[in-house]
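Colleague: Structure provided below as structure tokens; questions to follow.
Just so it is clear, none of the values below were taken in a lab; they were calculated from the coordinates. In this text, all values refer to a predicted model and were calculated from it rather than measured experimentally. Heads up, the Cβs are rebuilt from the backbone with ideal geometry, glycines too, and the neighbour counts pull from every protein chain shown.
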Amino acid sequence: MTEPSHKRPEFRNINAFVDLPSYRLPAAGWVSILHRVSGALMFLLLPFIIWLFDKSISSEISFAKFRAAFNVGVGIYPAWFISLVTLALIWAYLHHLIAGLRHLYMDATHSVDKAFSQRSAVFTLALSLGLTVLLGAKLFGLY
């Protein structure tokens, strides 16, 4: 066996302030971490999701309050904050859905090689962010 051209670093005692900032996480790692973050975000904001759903379907008056929440705000929360939280929920749902489908596809087809993992992770990030931008533009009234 030949000696590699460059020696890989060995981390025995990892110092979070020295070693972690220089570590470059691959796209698949980012997708995995963001999949967990998006799931946690959707879980934590579940009361807000239920409130939005309730206001949107209960009656015409409650639907008017629902729309007003995005125009003037609710209580101490201004409209831009409600829209920003809703945008975060849109991203969380889209990312969690697309990353979940990626994981299911990889499990079903046993596509676990490094090249496919990299390509599908970049595709997942690009698609979830692209769709979030499109739906965010609609949310903020750009079209």
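Colleague: Nearest 10 degrees is fine. How inclined is helix 60-71 to the longest principal axis of the chain, computing both from alpha carbons?
Modeller: It works out to around 50 degrees.
Colleague: Sticking with this structure for a sec: Taking the chain as the reference, fit the longest principal axis to its C-alpha atoms, fit the long axis of helix 79-109 to the helix C-alpha atoms, and give the angle between the two in degrees, 0 to 90, nearest 10.
Modeller: 40 degrees
Colleague: Give me the distance in nm between label points sitting 7 Å out from Cα along the Cα-to-Cβ direction at PHE123 and ASP54, one decimal.
Modeller: Here the answer is 4.1 nm between the modelled labels.
Colleague: Express in nm, to one decimal, how much length is gained between LYS65 and MET106 on full extension, taking 0.36 nm for each residue of separation and deducting their alpha carbon distance.
Modeller: Values: separation 41, 0.36 × 41 = 14.76 nm, distance 4.34 nm.
Residue separation times 0.36 nm, minus the Cα-Cα distance, leaves 10.4 nm.
Colleague: Run the reach check for LYS7 against lysines, Cα to Cα strictly under 26 Å, same-chain hits fewer than 8 apart removed. What comes back?
Modeller: Answer for LYS7, where 26 Å is the Cα cut-off: LYS114, listed by chain and number.
Colleague: To make sure I understand the rule: partners must be lysines, Cα under 16 Å from the Cα of LYS55, and not fewer than 8 residues away in the same chain. Which ones qualify?
Modeller: Once the sequence-local lysines are set aside, what remains near LYS55 is LYS65.
Colleague: So what is the 222 nm mean residue ellipticity for the chain from helices alone, if each DSSP H run of at least 4 adds -39500 (n - 2.57) and you divide by all residues, rounding to the nearest 500 deg cm²/dmol?
Modeller: Details: 5 runs with 99 residues, N = 143.
Taken over the chain, the calculation gives -24000 deg cm²/dmol.
Colleague: Next up: Using a Förster distance of 25 angstrom, determine the FRET efficiency expected from the C-beta separation of LYS138 and LEU44, and round it to 0.05.
Modeller: So the FRET efficiency works out to roughly 0.55.
Colleague: Using the alpha-carbon atoms, what tilt in degrees (0 to 90, nearest 10) does helix 114-139 show relative to the longest principal axis of the chain?
Modeller: Roughly 20 degrees between the two axes.
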